[in-house]
1. For the chain, which whole-number percentage of the solvent-accessible area (1.4 Å probe, protein heavy atoms only) is attributable to carbon and sulfur atoms?
2. Rolling a 1.4 Å sphere over the protein heavy atoms, what is the accessible area per residue of the chain, to the nearest Å²?
3. Would you work out which of 38, 49, 14 lies farthest towards the positive end of the dipole of the chain? Charges go on Cβ: Lys and Arg +1, Asp and Glu -1.
4. Under the Karplus relation 6.51 cos²θ - 1.76 cosθ + 1.60, θ = phi - 60°, what is the ordered set of whole-Hz ³J(HN,Hα) values for the stretch 36-44, x standing for Gly and Pro?
5. For every helix of n ≥ 4 consecutive DSSP H residues, a contribution of -39,500 (n - 2.57) applies; sum these over the chain, divide by its total residues, and give [θ] at 222 nm rounded to the nearest 500 deg cm²/dmol.
6. If the only charges are +1 at each Lys and Arg Cβ and -1 at each Asp and Glu Cβ, what is the size of the charge dipole of the chain around the Cα centre, to the nearest 20 debye?
7. Quick one: which residues, 5 or more positions from residue 40 or on another chain, have an amide H under 5 Å from its amide H? H modelled 1.01 Å from N in the peptide plane, none for Pro or chain starts.
8. Please give me the summed charge of the neighbours of residue 30: other residues whose Cβ is under 10 Å from its Cβ, Lys and Arg +1, Asp and Glu -1.
Amino acid sequence: MSKFCEICKKGVMSGNLVSHSNRKQRTSWAPNIQKVTVMVNGTPRKMNVCTRCLRSNKVERVI
(Lines give C-alpha, C1' and ligand atoms only; values in the text may rest on other atoms or scores of the structure.)
Protein backbone atom coordinates (compact mmCIF):
# COMPACT_ATOMS: atom_id res chain seq x y z
CA MET A 1 0.00 0.00 0.00
CA SER A 2 1.29 3.43 -0.84
CA LYS A 3 2.09 5.87 1.93
CA PHE A 4 0.30 8.93 0.55
CA CYS A 5 -3.29 10.13 0.21
CA GLU A 6 -4.54 10.39 -3.37
CA ILE A 7 -6.89 13.25 -2.42
CA CYS A 8 -4.76 15.70 -0.41
CA LYS A 9 -1.32 14.27 -1.34
CA LYS A 10 -0.37 13.92 2.34
CA GLY A 11 2.68 11.67 2.67
CA VAL A 12 5.39 10.46 5.01
CA MET A 13 7.13 13.09 7.14
CA SER A 14 10.60 12.62 8.59
CA GLY A 15 12.43 14.22 11.45
CA ASN A 16 14.23 13.60 14.72
CA LEU A 17 13.11 11.89 17.89
CA VAL A 18 14.68 13.90 20.70
CA SER A 19 15.16 12.25 24.09
CA HIS A 20 15.21 13.95 27.48
CA SER A 21 19.02 13.91 27.36
CA ASN A 22 18.80 15.67 23.95
CA ARG A 23 20.02 12.67 21.91
CA LYS A 24 18.59 12.57 18.38
CA GLN A 25 17.65 9.70 16.12
CA ARG A 26 15.99 9.83 12.71
CA THR A 27 12.40 8.63 12.39
CA SER A 28 9.44 8.91 10.04
CA TRP A 29 5.73 9.40 10.58
CA ALA A 30 3.22 8.00 8.11
CA PRO A 31 -0.39 9.19 7.75
CA ASN A 32 -3.28 6.85 8.49
CA ILE A 33 -4.07 5.62 4.96
CA GLN A 34 -7.09 3.43 4.21
CA LYS A 35 -7.92 1.69 0.93
CA VAL A 36 -11.59 2.54 0.35
CA THR A 37 -14.04 2.49 -2.54
CA VAL A 38 -15.11 6.00 -3.51
CA MET A 39 -17.26 7.51 -6.23
CA VAL A 40 -15.22 9.28 -8.92
CA ASN A 41 -17.25 10.84 -11.77
CA GLY A 42 -20.15 8.46 -11.08
CA THR A 43 -18.06 5.27 -11.10
CA PRO A 44 -16.77 3.41 -8.05
CA ARG A 45 -12.98 3.29 -7.73
CA LYS A 46 -10.59 2.03 -5.06
CA MET A 47 -8.29 4.75 -3.73
CA ASN A 48 -5.83 5.25 -0.89
CA VAL A 49 -7.34 7.99 1.28
CA CYS A 50 -6.23 9.38 4.63
CA THR A 51 -8.67 9.31 7.52
CA ARG A 52 -8.69 13.12 7.70
CA CYS A 53 -10.18 13.27 4.17
CA LEU A 54 -12.71 10.55 5.03
CA ARG A 55 -13.77 12.37 8.18
CA SER A 56 -14.14 15.76 6.48
CA ASN A 57 -16.23 14.29 3.60
CA LYS A 58 -13.79 15.25 0.86
CA VAL A 59 -14.71 11.97 -0.88
CA GLU A 60 -18.02 10.17 -1.32
CA ARG A 61 -17.56 6.66 0.04
CA VAL A 62 -19.38 3.70 -1.54
CA ILE A 63 -20.69 1.19 1.00
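1. Details: 2460 of 5080 Å².
Summing carbon and sulfur atoms, their accessible area is 48 percent of the total for the chain.
2. Details: 5080 Å² over 63 residues.
Heavy-atom accessible area per residue stands at 81 Å².
3. Highest projection toward the positive end goes to 14.
4. Once rounded to whole Hz, the list reads 10, 8, 10, 8, 10, 6, x, 10, x.
5. On the way: 1 runs with 5 residues, N = 63.
About -1500 deg cm²/dmol.
6. Working: 13 positive and 2 negative charges, 37 e Å.
The dipole magnitude comes to about 180 debye.
7. 45
8. Working: positive: 3, 10; negative: none.
Summing Lys/Arg as +1 and Asp/Glu as -1 gives +2.
The values are calculated or read from the model by the stated rules, or taken from the named source; none is laboratory data. All figures in this text were calculated on a predicted structure; none of them were measured in a lab. When we count neighbours, we look across all protein chains shown, and the Cβ atoms used for this are built from the backbone with ideal geometry, even at glycine. Each accessible area value is taken on the protein alone, full model and side chains, heavy atoms only, with ligands, DNA and RNA left out. Shrake-Rupley method; radii C 1.70, N 1.55, O 1.52, S 1.80 Å.
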